[in-house]
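Values in this text are rule-based calculations from the coordinates and carry no lab data. Since the structure is predicted, the reported quantities are computational estimates derived from the model, not experimental observations. Neighbour counts are summed over all protein chains in view; Cβ atoms, including those assigned to glycine, are modelled from backbone coordinates with ideal geometry.
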Amino acid sequence: GALWPGMKPESGLIQTPSTSQHSVLTCTTGLTTSQPSPAHYSYSIEASTTNTSPVSTSSTVVNISTSAVASISQDYPTYTILGQSQYQTCYPSSGFGVVPPAESSSTESLALATATFPAEKGSAAAQRAPSGDASTSPSLSRATASKELDEQARKNLPGKNRGKRKADTSSSQDSELERVFLWDLDETIIIFHSLLTGSYAQKYGKDPTLVIGSGLSMEEMIFEVADTHLFFNDLEECDQVHIEDVASDDNGQDLSNYNFSTDGFSGSGSNANHGSSVGVQGVDWMRKLAFRYRRVREIYNKHKADVGGLLSPQKREALQRLRTDIEVLTDSWLETALKSLLLIQSRKNCENILITTTQLMPALAKVLLYGLGEVFPIENIYSATKIGKESCFERIVSRFGKKVTYVVIGDGRDEEVAAKQ
């Protein structure tokens with residue numbers, strides 16, 4: 001660790017420099033000596049668990065004058081230059097605290113407030129010490145350490161979904177869970193794709209004209225809701241796995257009077273720039289993207305029990321007829337699936353999760369139009385379009401933990417393999 005200039009330990013004592021421990025202690029005395037400026041005394045100790053090259057013990061100790069030793073002894077009666085082995089090995093937690101700069105991460109705050117570091121942070125801690133230059137500014141060292149710790153923290157996050165941890169953290173209710181049911185959507189809860197291709201009609205001896213016609217009508221409604229209300233035209237090229245994956249870029253601005261159509265956001269054009277742009281332009285683009293995902297969440301939650309509110313009266317009637325026709329053609333497939341879903345939902349120790357290979361916005365539109373909004377909270381819907389189902393399964397396991405039983409329901413090999421795992 002490091003003691004910055006002007007900071008006195010109340011009762012803290014410093015560990016004996018030895019070749020078996022790695023740390024670099026830099027302290028500045030405010031003593032009046034013959035030197036023109038405050039001296040930096042560097043006590044070099046070999047570093048532990050670090051990728052940086054340790055400072056050599058043979059060349060870094062600065063000669064301390066007798067007057068300086070006398071002054072140190074006077075100001076710090078419990079501190080001696082020699083024979084420190086009789087003292088405790090680290091500062092007590094109440095010894096001193098450091099108020100980090102506003103931009104510092106919580107990780108750095110923890111590292112500065114204690115004299116000992118966890119093993120996994122040894123690399124970042126060792127880099128706080130000046131590498132051979134005793135006159136390095138402590139503030140510069142802190143800024144560099146903060147940047148390195150932030151970069152390390154970002155590297156530890158899986159994938160590029162920076163905001164997902166906000167959504168994936170377990171709640172107190174999650175701790176009571178015993179079973180989590182992971183559902184596929186198409187051809188499991190609903191019949192959709194096989195209606196469009198005619199394979200359902202062929203397999204079950206249905207009228208192909210009616211089946212394909214019903215599938216096309218439902219497809220038209222799905223994309224109309226996704227385009228008109230869920231910003232699919234803007235978000236198709238920057239699709240996310242989960243509704244909260246860009247929430248960290250949302251500054252919480254009031255969107256009551258926000259005009260999405262005139263804010264200059266372009267999903268396809270700006271997405272290409274976003275990868276290479278640095279600074280204000282990239283932040284601005286991500287903020288507008290996050291606004292759209294926040295509004296989608298609001299719309300979903302408002303209409304999850306009544307999708308008719310998003311449709312004109314004619315469209316509402318058409319949807320009702322269409323769902324009835326599809327239920328007849330599929331022998332009440334959706335009604336049967338709903339019975340299972342609602343039974344699971346009624347149990348306090350069970351949870352329904354939806355994983356679909358459909359992009360997130362059309363998937364949300366499907367859930368609403370098929371009347372599944374109250375069964376699947378938007379936080380429980382994942383799109384595997386970008387990362388694949390296996391990665392989605394991993395995210396869900398990290399969210400709910402390994403103590404629960406996972407039941408995977410689907411019509412494909414992916415679900416079978418996942419269930420075995």
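Take each peptide in 319-330, 189-200, count the other Cβ atoms within 10 Å of every residue, and average; sorted highest first, the result is 189-200, 319-330. Sequence-ordered 3J(HN,Hα) estimates for region 250-262 from the Karplus curve with 6.51, -1.76 and 1.60 and θ = phi - 60° stand at 8, 8, x, 4, 5, 9, 4, 10, 6, 9, 5, 6, 10 Hz, glycine and proline given as x. Between Asp331 and Leu210, the contour length at 0.36 nm per residue exceeds the Cα-Cα span by 42.2 nm. A simple rule links phi to the HN-Hα coupling: the Karplus curve 6.51 cos²θ - 1.76 cosθ + 1.60 with θ = phi - 60°, which for region 286-301 gives 5, 5, 5, 5, 5, 4, 5, 5, 5, 5, 4, 4, 4, 5, 4, 5 Hz, with x for Gly and Pro. Measuring against 27 Å, Cα to Cα, the residue pairs Lys339/Lys389; Lys304/Lys420; Lys302/Lys339 contain Lys304/Lys420 as the ones spanning a longer distance. In sequence order, region 202-218 has phi-based couplings of 5, 6, 10, x, 9, 5, x, 5, 5, 5, 5, x, 5, x, 5, 5, 5 Hz under the Karplus curve 6.51 cos²θ - 1.76 cosθ + 1.60, θ = phi - 60°, and Gly or Pro positions carry x.
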